[in-house]
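Colleague: A single structure is presented below for examination.
The values are calculated or read from the model by the stated rules, or taken from the named source; none is laboratory data. Values in this document were obtained by computation on a predicted structure and should not be read as measured data. We place every Cβ from the backbone using ideal geometry, glycine too, and count neighbours over all the protein chains shown. Areas reflect the complete protein model, heavy atoms only, side chains present, ligands, DNA and RNA absent. Shrake-Rupley method; radii C 1.70, N 1.55, O 1.52, S 1.80 Å.
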Amino acid sequence: MSFTMSAGYRFTNFVPEETTQKGFEALLNIFLQIITLTAGDVAEAMSWLNQLDQKYRLTDDSYGMGDFFEDLKKQGYIDDKGPDGQFQLQAKGEQKIRKSALEEIFGKLKKGGRGSHTTPKSGIGDEPNADRREFRFGDAPEQIELTESIRNAQIHHGLTDDFFLTENDLEVTEREHKTQTSTVLMIDISHSMILYGEDRITPAKKVAMALAELVKLKYPKDNLDIIVFGNDAWQITVKDLPYLMVGPYHTNTVAGLELAMDLLRRRKTSNKQIFMITDGKPTCLKEGLKYYKNSFGLDRKVVNKTLNLAAQCRRLNIPITTFMIASDPYLQQFVEEFTQVNNGQAYYSSLQGLGDLVFRDYGRNRKKRV
């Protein structure tokens, strides 16, 4: 049923648009999920996709799996320039995976402005806000509000034939200062990330790619360094994230934190932070050329050294946000203590749903589900 308002608006029954994706886009979404599981192996991902097609009939006579593979090449997601002519992801495919992870974990971002971190300071800043004030020496000419300034002159001097404007009449728009932040992203690639039949490295990669893409889109002026840690710690690039694999490593969180602090020490920005993605307890230290290892529990020798670094970061005003990729209460025990010592923040996620994160802010003593 429909009727017409006097203003000319016509109201009808709402019929939602068809949202079921078909053809290339539908298969691409599945392919992006699988390629993360296969650590960027295109051939293996396509093999898995074909098996899913046989079981669930993802394609039909009008659009087959061969069509999808050709479209992946034509649209620049993959090419055959790998070793021995093997197909590999191109930059467009790698970025698409990061964007897909960002949407899955943080939701779709609305288009915004330049995207940077606000501070409480104002004056000659980077971005205008709603506040206005009198003109001060050093204010930029583009900050002057002409309409308000002329109105002030009329109020101060009256409506005369000889209009004049003084410095006291000028009114300016306040501007907020923006600041840069240097971030180090730490990713646990120890063997425990695939133990007991649980795949923790795939959700860890998704969180890492989402954070990297978030920083790139929202805070393009920020510095982002990425490191992985197992028995040791080393630096990687954003481009390497889809291809991360777990090694036969223990969890040397100390080595990761020491490298993160060293990288941040070189950055000249005043705001610094660490994001750590892990499944829990540290199990390893390096003492000279040898490794001290204990995977059977929370070893006090390892834990205390790790907590000392968390406290050191706190004294240096380097907050640590931990993304805990496991729901086991025992594994969360260390993260709780670590985050309290740093006075930082922690996100706890089950393996089933990365979008369902429990957020714990120890600095403000808050807990919420996001």
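Colleague: Is it the case, given these coordinates, that Val184 is surrounded by 17 or more Cβ atoms within 10 Å (Cβ to Cβ) and closer than 30 Å to Phe135 by Cβ? Before the answer, list the steps.
Modeller: Details: surrounded by 17 or more Cβ atoms within 10 Å (Cβ to Cβ): yes; closer than 30 Å to Phe135 by Cβ: no.
Considered against the rule, which asks whether it is surrounded by 17 or more Cβ atoms within 10 Å (Cβ to Cβ) and closer than 30 Å to Phe135 by Cβ, Val184 comes out as no.
Colleague: Restricting to region 293-302, give me the number of residues that are open to solvent by 10 Å² or more (accessible area, probe 1.4 Å) and of a type in the set (A, V, I, L, M).
Modeller: Number satisfying all stated conditions: 1.
Colleague: While we're on this one: Looking at (1) over 27 Å from Leu214 (Cα atoms); (2) within 35 Å of the chain's Cα centre (by Cα); (3) modelled with pLDDT of 85 or more, which is the only condition Glu171 fails?
Modeller: It is condition (2) that Glu171 fails.
Colleague: Something else now. Among strands (runs of 3 or more DSSP E) lying entirely in region 152-235, which contain 3 or more residues that are among the hydrophobic types (A, V, I, L, M, F, W, C) and within 30 Å of Lys268 (Cα to Cα)?
Modeller: Numbers: elements: 171-179, 181-188, 223-229.
Output list reads 181-188, 223-229.
Colleague: Counting just the residues of region 272-292 that are in contact (Cβ under 8 Å) with a residue 24 or more places away in the chain and surrounded by fewer than 17 Cβ atoms within 10 Å (Cβ to Cβ), which one comes out farthest from the chain's Cα centre (by Cα)? Step through it out loud before you land on a result.
Modeller: Here is the first cut: in region 272-292, the residues in contact (Cβ under 8 Å) with a residue 24 or more places away in the chain are 272-286, 291.
Subsequent filtering for residues that are surrounded by fewer than 17 Cβ atoms within 10 Å (Cβ to Cβ) retains 286, 291.
Working: Lys286: 30, Tyr291: 32 Å.
So the residue we want is Tyr291.
Colleague: Okay, moving on. Taking the condition at pLDDT 75 or above, closer than 30 Å to Thr38 by Cβ and among the aliphatic types (A, V, I, L, M), does Leu146 pass? Full working, then the answer.
Modeller: Details: at pLDDT 75 or above: yes; closer than 30 Å to Thr38 by Cβ: no; among the aliphatic types (A, V, I, L, M): yes.
So Leu146 fails the test.
Colleague: Please tell me if Ile226 is among the β-branched types (Val, Ile, Thr) and modelled with pLDDT of 95 or more. Break it down stepwise before answering.
Modeller: Values: among the β-branched types (Val, Ile, Thr): yes; modelled with pLDDT of 95 or more: yes.
In short, yes.
Colleague: I need the full set of residues from region 197-240 which are over 11 Å from the mean Cα position of the chain (by Cα), open to solvent by 20 Å² or more (accessible area, probe 1.4 Å) and over 22 Å from Ile35 (Cα atoms), in order please.
Modeller: Pro220, Lys221, Asp222, Asn223, Asn231, Asp232, Ala233, Trp234, Gln235
Colleague: A follow-up question, please. Name the residue that is most open to solvent (accessible area, probe 1.4 Å), counting only residues in region 241-271 that are assigned to a helix (DSSP H, G or I) and hydroxyl-bearing (Ser, Thr, Tyr).
Modeller: Going residue by residue through region 241-271, those that are assigned to a helix (DSSP H, G or I) are 241-243, 253-266.
Next cut, hydroxyl-bearing (Ser, Thr, Tyr) only: 243, 253.
Numbers: Tyr243: 76, Thr253: 2 Å².
So, considering only residues that are assigned to a helix (DSSP H, G or I) and hydroxyl-bearing (Ser, Thr, Tyr), the one most open to solvent (accessible area, probe 1.4 Å) is Tyr243.
Colleague: Got a number for residues in region 303-327 being assigned to a helix (DSSP H, G or I), in contact (Cβ under 8 Å) with a residue 40 or more places away in the chain and closer than 13 Å to Gly280 by Cα? Lay out the reasoning, then the answer.
Modeller: Looking only at region 303-327, we keep the residues that are assigned to a helix (DSSP H, G or I), and these are 303-315.
Those still in the list that are in contact (Cβ under 8 Å) with a residue 40 or more places away in the chain too: 305-306, 309-310, 312-313.
Now restrict to residues that are closer than 13 Å to Gly280 by Cα: 306.
Within region 303-327, residues that are assigned to a helix (DSSP H, G or I), in contact (Cβ under 8 Å) with a residue 40 or more places away in the chain and closer than 13 Å to Gly280 by Cα number 1.
Colleague: I would also like to ask the following. Is it the case, given these coordinates, that Tyr219 is over 23 Å from Lys290 (Cβ atoms), aromatic (Phe, Trp, Tyr) and either in contact with a Pro (Cβ under 7 Å, 6 or more places away or on another chain) or in contact (Cβ under 8 Å) with a residue 12 or more places away in the chain (or both)? Full working, then the answer.
Modeller: Details: over 23 Å from Lys290 (Cβ atoms): yes; aromatic (Phe, Trp, Tyr): yes; either in contact with a Pro (Cβ under 7 Å, 6 or more places away or on another chain) or in contact (Cβ under 8 Å) with a residue 12 or more places away in the chain (or both): yes.
Answer is yes for this residue.
Colleague: If I go through region 142-151 residue by residue, how many of them are open to solvent by 80 Å² or more (accessible area, probe 1.4 Å) and under 30 Å from Lys268 (Cβ atoms)? Please lay out each step first, then the result.
Modeller: Kept after step one, since they are open to solvent by 80 Å² or more (accessible area, probe 1.4 Å), are these residues of region 142-151: 142, 146-147, 151.
Checking which are under 30 Å from Lys268 (Cβ atoms) leaves us with 142.
Result for region 142-151: 1.
Colleague: Give region 243-256 a look and list any residue that's more than 19 Å from the chain's Cα centre (by Cα) and either farther than 16 Å from Ser192 by Cβ or of a type in the set (A, V, I, L, M, F, W, C) (or both), or say none.
Modeller: Met245, Val246, Val254, Ala255
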